[in-house]
Every structure is written in C-alpha cells, then in structure tokens.
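Written below as structure tokens is the structure these notes are about.
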C-alpha cells in the first residue's frame with residue numbers, strides 16, 4: 001500500500017476540495033489514509049472516503065488489451081475510438097468492487113469516486129459539451145454504489161457528474177452521423193526523461209501506427225492502411 005498519493009491524485013483531490021470549500025463546507029482530512037481509498041475526510045461530522053481514477057490513454061488501451069504491444073523508448077501513432085461513456089462505465093464497474101474494502105478500512109459512511117484526466121500533461125481527450133454529456137449520462141445509467149461521482153479535467157473546475165438519488169437513465173449512445181469518433185495521438189512509452197535523458201517523440205520517429213477497435217463490440221472499424 002502506497003504511503004503517498006500520486007501528483008495527479010493530489011491535484012484531483014485539491015480540485016474537489018476547492019469546490020467544497022467554495023460551497024462553504026468545512027473539510028477535515030484524515031491524514032492517516034492516502035491509499036485504498038485515496039482520500040478520507042469529514043464534512044459536517046460525516047466521514048467520507050474518496051478514490052481517484054485517472055482516465056489515461058494507457059488505461060483505455062489496457063481495456064482493449066493493447067498496451068503491452070508498446071515497447072519502451074519507442075514512439076507510436078495511436079488511433080483510439082473516442083468512447084468516454086464506456087471508459088467511465090469500465091471505471092465505475094472496476095472501482096465499486098472495492099467499496100466495502102474502503103469503508104471497512106476508513107470507517108467512512110459513504111464513498112465518492114473522483115475521475116480525472118491527466119492533470120500534469122495534456123489530456124488525450126477533449127473537454128467539450130459532447131464529452132461532458134456522455135459522462136453524465138453514463139454515470140446516471142449505472143447501478144452504482146458510490147454516493148457521488150466527480151470529474152476533474154486539467155485547467156477546469158471540478159464538478160459533479162452524478163450523485164445518489166438522481167434518476168436512472170438509459171446508457172448513452174454515440175452520435176455516429178459523421179462516423180465513429182476517433183482520437184489520434186503520438187505516444188511514447190517511458191520516454192526516459194526521468195533518468196536525465198531525452199527522447200524525440202516526433203512524427204519522424206514513429207515506429208508503428210496502433211489502431212484500436214471500439215470497446216463497444218457492436219462496431220468494428222475498417223482502417224485504411
């Protein structure tokens with residue numbers, strides 16, 4: 001079990017805490033717990049546990065069983081279907097399996113989920129009205145045991161996607177009028193900069209284009225080489 005939070009986790013927690021304080025809540029942290037769950041605190045005498053999940057390209061690729069193909073120190077062009085609603089569903093399903101563990105360990109009365117983009121580097125997906133709508137509708141479609149689900153995007157204020165008591169709705173569908181939405185990024189795995197070295201992830205150094213299929217198994221993309 002980790003003794004410190006990641007920088008991304010701390011930034012996500014700080015963003016949520018800032019919104020709570022803006023709404024005049026007094027937040028009292030339990031400094032003894034920083035992992036599993038990532039944050040334990042009290043508001044108005046109620047003890048709450050919160051866990052963070054980073055929506056990274058690596059995580060999305062791992063759900064499609066692709067991340068292991070990337071070799072260290074190499075640059076790749078990644079073409080990935082833009083499916084924020086499915087990424088959130090996967091996150092909720094994976095994380096809520098641990099809710100009892102979190103409440104047993106922390107003594108919390110309820111558990112929140114804080115989903116966030118990369119808060120240190122450039123996020124791999126856009127923050128726009130379509131993404132926000134898909135995330136909110138996805139959260140509202142789930143039989144979640146969380147009491148509240150937050151979203152934090154780099155440079156934006158934290159906001160609530162869903163909270164207990166909201167009516168359940170159908171799982172959202174993508175607008176496919178312009179084809180299946182995709183994201184194209186240049187990605188390097190372990191670029192060696194932490195060891196004082198540099199690595200050029202420019203297009204001229206791309207060793208392979210990795211084309212992912214949708215997590216929505218009803219669809220299959222036919223990529224032109």
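Here, each number is a calculation from the coordinates, and none is a lab measurement. It should be emphasised that the depicted structure is a prediction, and the values quoted were computed from it without experimental measurement. Note: ideal-geometry Cβ built from the backbone for every residue, glycine included; neighbour counts use all protein chains shown.
Figures for the structure shown
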{"quantity": "Two-site FRET efficiency, residue 169 against residue 209, from Cβ-Cβ distance with R₀ of 45 Å, rounded to 0.05", "calculated": "0.75"}
{"quantity": "Helix axis angle, 129-141 relative to the chain longest principal axis, alpha carbon, degrees", "calculated": "60 degrees"}
{"quantity": "Cβ-derived FRET efficiency at R0 25 Å, residue 156 paired with residue 101, nearest 0.05", "calculated": "0.25"}
{"quantity": "Computed over the chain: relative contact order in percent, which uses C-alpha pairs under 8 Å that are six or more apart", "calculated": "26 percent"}
{"quantity": "Cα-based helix-to-principal-axis angle, 7-22 vs the chain, degrees rounded to 10", "calculated": "50 degrees"}
{"quantity": "Residue among 54, 116, 166 with the largest mean-square fluctuation in a Gaussian network model of the chain, springs linking Cα atoms under 10 Å", "calculated": "166"}
{"quantity": "Convex hull (Cα only) mean projected area of the range 39-143, reported in nm² to one decimal", "calculated": "8.7 nm²"}
{"quantity": "Radius of gyration and Dmax over the Cα atoms of the chain, both given in Å", "calculated": "18.7, 59"}
{"quantity": "Folded to 0 to 90 degrees: helix 84-95 orientation relative to the chain principal axis, Cα", "calculated": "50 degrees"}
{"quantity": "Shape category assigned to the range 129-187 from the gyration tensor of Cα positions, a/c cut at 1.5", "calculated": "oblate"}
{"quantity": "Highest-MSF residue in the chain out of 49, 108, 158 [GNM, Cα springs under 10 Å]", "calculated": "108"}
{"quantity": "Most mobile of 115, 207, 152 in a GNM of the chain (Cα contacts under 10 Å)", "calculated": "207"}
{"quantity": "Diffusion coefficient, µm² s⁻¹, Stokes-Einstein with Kirkwood Rh over alpha-carbon pairs of the range 2-72 at 4 °C and 1.567 mPa s", "calculated": "92 µm²/s"}
{"quantity": "16 Å cut-off, amide nitrogen to a point 7 angstrom out along residue 176 Cα→Cβ, residues in the range 74-114", "calculated": "81-86"}
